[in-house]
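Following: one structure in structure tokens, then a few remarks.
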Amino acid sequence: MVFNVCCQVKTNKLLKEIAKLCGIAKALSFHVICHTFASQVCLSQGVPIESVSKMLGHTDIATTQRYAHVNRDKISNDMKVLSVRISDKYVFAN
């Protein structure tokens, strides 16, 4: 885990205070933050899910897969990278 968390209840209370100070209307919780970190911060920027799993302190990658939602932008970017990588490896018949 990247940060030590004293307890989830206290963390949720602090997140609510932060949200209020920042004018964030959405109810923040430890659970929401994990989803956001895994999906929007890490995976969308190309961090492998195996690394995200370790960052979240998970011992089983299936746990991380529940947190990490792949969005359309991530799929689009991955397809572009794949296209560039294989562009000189295959010839397509017309």
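Computed from the coordinates by the stated procedures, all read-outs in this text should not be read as laboratory data. Computed from a predicted model, the values in this text were never measured in an experiment. Every residue, glycine as well, gets a Cβ built from its backbone with ideal geometry; the counts of neighbours run over all protein chains shown.
Points worth noting:
- From largest to smallest, the equivalent ellipsoid semi-axes obtained for the chain from the alpha-carbon gyration tensor read 36, 16, 9 Å.
- Sparse packing (at most 12 other Cβ atoms within 10 Å of the Cβ) combined with a DSSP loop state is found for the following trypsin sites (Lys or Arg not before Pro) in the range 1-85: K26.
- Near the amide H of A68, within less than 5 Å, lie no amide hydrogens of residues on another chain or at least 5 residues away, with H placed in the peptide plane.
- For the pair I24 and N71, a Förster radius of 30 Å applied to the C-beta separation gives a FRET efficiency near 0.90, rounded to the nearest 0.05.
- Cα long-axis angle, helix 8-22 against the chain (0 to 90 degrees, to the nearest 10): 80
- Within the range 1-76, the chymotrypsin sites (Phe, Trp or Tyr not before Pro) that combine a DSSP coil assignment with at most 12 other C-beta atoms in a 10 angstrom radius are F3.
- Modelled this way, with points 7 Å down the Cα-to-C-beta line, the labels at S87 and A62 are 4.0 nm from one another.
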